[in-house]
Amino acid sequence: MNENKILKNVDDKWEVTTNRYVAYIDIMGFKDLVARASHDEIYGLMKRIEYSKQVNENINWDGNNLGLVKTTTYSDSIMIYSKDDSVEALHSFICTVSGITYDLFCELIPHKGAISFGIMTLDTISSIFFGQPLIDAYLLQEELSFYGIAVH
C-alpha cells in the first residue's frame, strides 16, 4: 500500500491511493426520465449538472480551493472525491457536495446520496476508481427513504 501512496496522477499531482472523503449521489427516476423525455432534453439536463460540477470544481468559493475535489458522472450517478483528508479538502468537498445538491434541487431533480471516508484509489490515467468508502456511500444511499444526502 505504501507504494501506491507514492504514485501520483501525472495530470494533477493527486496521490492515487489515500484517505479521502467520497460522496455518491443517485438521480432518482432516471430510467423513467429516459423513457419519457427526448434524448436532447436528457442531454441538456446532464450538461447543466456537468456545468455546475465544473464551476464548483474550478472556482474559489468563499476562500475554498475547490481544486481539492474531483467529480465523476456515470449515467445517473455522481461521485465526488476529495484530494486527501486535510481540513481544506474536507471544506472544499462539503462546499462542492452542497453546491451540486443545491443545483439538483433547483433543477427539480430528485436524488439521494451518502458521504463516506476511507482509503480510496483514484487512478484517473487508467480510469481505475475503487475503495470501501465508495461502496459504503453507495450502500447507504440505497437504504435511504428520503431525498437528500446522509453521512456514513
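The values are calculated or read from the model by the stated rules, or taken from the named source; none is laboratory data. For clarity, every value in this text was computed on a predicted model and none was experimentally measured. Don't worry about glycine lacking a Cβ; one is built from the backbone with ideal geometry, like all the others, and counts go over all protein chains shown. The accessibility values were calculated without ligands, DNA or RNA, using every heavy atom of the protein model including side chains. Shrake-Rupley method; radii C 1.70, N 1.55, O 1.52, S 1.80 Å.
A few remarks follow.
- Condition check for F130: free of Cβ contacts under 8 Å to residues at least 40 places away in the same chain and open to solvent by 50 Å² or more (accessible area, probe 1.4 Å): yes
- Members of region 67-84 found to be among the hydrophobic types (A, V, I, L, M, F, W, C) and not in a helix (DSSP H, G or I), listed by number: V69, I78, M79, I80
- Exactly one residue out of A89, A114 is part of a strand (DSSP E or B) and either open to solvent by 40 Å² or more (accessible area, probe 1.4 Å) or hydrophobic (A, V, I, L, M, F, W, C) (or both), and it is A114.
- Residue check for R20: of a type in the set (K, R) and modelled with pLDDT of 90 or more: yes
- Subset of region 117-147 (residues that are under 15 Å from M79 (Cβ atoms), assigned to a strand (DSSP E or B) and either in contact with a helix residue (DSSP H, G or I) (Cβ under 9 Å, 6 or more places away or on another chain) or not β-branched (V, I, T) (or both)): F117, G118, M120, T121, L122, D123, F129, F130, G131
- Matching residues, region 100-152, being aromatic (F, W, Y) and within 19 Å of R48 (Cα to Cα): Y102, F105
- Of all residues in region 13-35 being assigned to a strand (DSSP E or B) and open to solvent by 40 Å² or more (accessible area, probe 1.4 Å), the one that is nearest to P133 (Cα to Cα): Y21
Results for (1) closer than 16 Å to T71 by Cα; (2) at pLDDT 95 or above, shown as yes or no for each residue.
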site	(1), (2)
E88	no, no
C95	yes, no
I100	yes, no
I115	yes, yes
L139	no, yes
H152	no, no
